[in-house]
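S.K.: Got a structure for you, questions after.
The values are calculated or read from the model by the stated rules, or taken from the named source; none is laboratory data. Just so it is clear, the model here is predicted, and its values are computed rather than measured. FYI the Cβ positions are ideal-geometry reconstructions off the backbone, even for glycines, and counts take in every protein chain you see.
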C-alpha cells in the first residue's frame, strides 16, 4: 500500500485549527468548510474517529498511518488546493509521536515544527479559545452528560443534564491543561498562531470567518456568501442557572 500515493501532489496551502473542547472549533471549522474554498477541516487524526474517515475514503485496512495522512490531505483538499484539519490539545502530543513513528516525515532529529511542515507543507496555525472559562466548562459538562458535542437540528440528547459541581470543576481543569499544552507547543516551535476568540466568532460570525480567510490568503468569489452556521449555540437558561449555582458555591471569584 505504500506505493498508493507515489504520485502524491501536496496542496498549496495547509492549516491547522488548534482547538480546546467547547471553545468553538466546530463553529469555526464549519464556517471555513462551507465556503468551499478552505478545505474540509475535521478531526481526521482523532484515533476514535480515524476508522470512520478511512472507511469514507475507501482506504484498505492495511494502509499505514503515513499513507493515511497523505491520503486524507489529498482527498480532503478543496479544488483550490487547500487542506485544513483540527487537533485538540489533549491529543496533540500523541499525534506528533505517531507522525514520528512512521519514519516518513522525520524522526527524533526533527523538531515538532519541521515534522509538521514535512507532513503538511506551508502549514499555518489558527488557535481558537474561549474567554468565559466557566461557560466553557459548563458546556463541556453538558456535552459529557447528553452526548451532544455538536448541537444541530434533529439531534437528540442521550440523557438529560444534571448540575454536577465536581464535573464542571474537572472540565475547568481539563481546559486549562489543554491551553497549557498549546502554549508549550507554540513556545517550542517559536511561532504565534492566528488567534480567534469564541465570543467574537459568535458576535460577528461573518467578519471573523473572513478575517481567518484573509490570514490564509484565500479569496472568495463574489457569488459565495458566508451563511449562518448550522451549529446551534448550547448556552441557554440552563447554562445561566448552572453558572449561578457554581459561583454560589464559592468555587469561582
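S.K.: Quick one: in segment 23-45, of everything that is without any contact (Cβ under 8 Å) to a residue 60 or more places away in the chain and crowded, with 18+ Cβ neighbours inside 10 Å, which residue is nearest to residue 201 (Cα to Cα)?
M.R.: By that ranking, first place goes to 29.
S.K.: Which of the residues that make up segment 53-81 are farther than 27 Å from residue 184 by Cα, crowded, with 19+ Cβ neighbours inside 10 Å and touching a strand residue (DSSP E or B) at 6+ places or on another chain (Cβ under 7 Å)?
M.R.: 76, 77
Rundown of residues vs (1) in contact (Cβ under 8 Å) with a residue 12 or more places away in the chain; (2) closer than 26 Å to residue 141 by Cβ, yes/no style:
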position	(1), (2)
160	yes, yes
184	no, yes
198	yes, yes
207	no, no
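S.K.: Would you mind finding the one in 96, 134, 92 that is more than 30 Å from residue 202 (Cβ to Cβ) and modelled with pLDDT of 95 or more?
M.R.: 96
S.K.: Among the helices (runs of 4 or more DSSP H) contained in segment 77-193, which hold 2 or more residues that are more than 27 Å from residue 63 (Cα to Cα) and within 19 Å of the chain's Cα centre (by Cα)?
M.R.: In segment 77-193, 133-146, 165-189 are the helices (runs of 4 or more DSSP H) which contain 2 or more residues that are more than 27 Å from residue 63 (Cα to Cα) and within 19 Å of the chain's Cα centre (by Cα).
S.K.: Under the condition of being assigned to a loop (DSSP other than H, G, I, E, B) and free of Cβ contacts under 8 Å to residues at least 12 places away in the same chain, which residue from segment 46-65 is farthest from residue 226 (Cα to Cα)?
M.R.: Out of the qualifying residues, it is 61.
S.K.: So, one more: Can you spot a residue in segment 207-226 that is touching a helix residue (DSSP H, G or I) at 6+ places or on another chain (Cβ under 6 Å), on the phi < 0 side of the Ramachandran plot, buried (at least 17 other Cβ atoms within 10 Å of the Cβ) and part of a loop (DSSP other than H, G, I, E, B)?
M.R.: Yes, segment 207-226 contains at least one residue that is touching a helix residue (DSSP H, G or I) at 6+ places or on another chain (Cβ under 6 Å), on the phi < 0 side of the Ramachandran plot, buried (at least 17 other Cβ atoms within 10 Å of the Cβ) and part of a loop (DSSP other than H, G, I, E, B).
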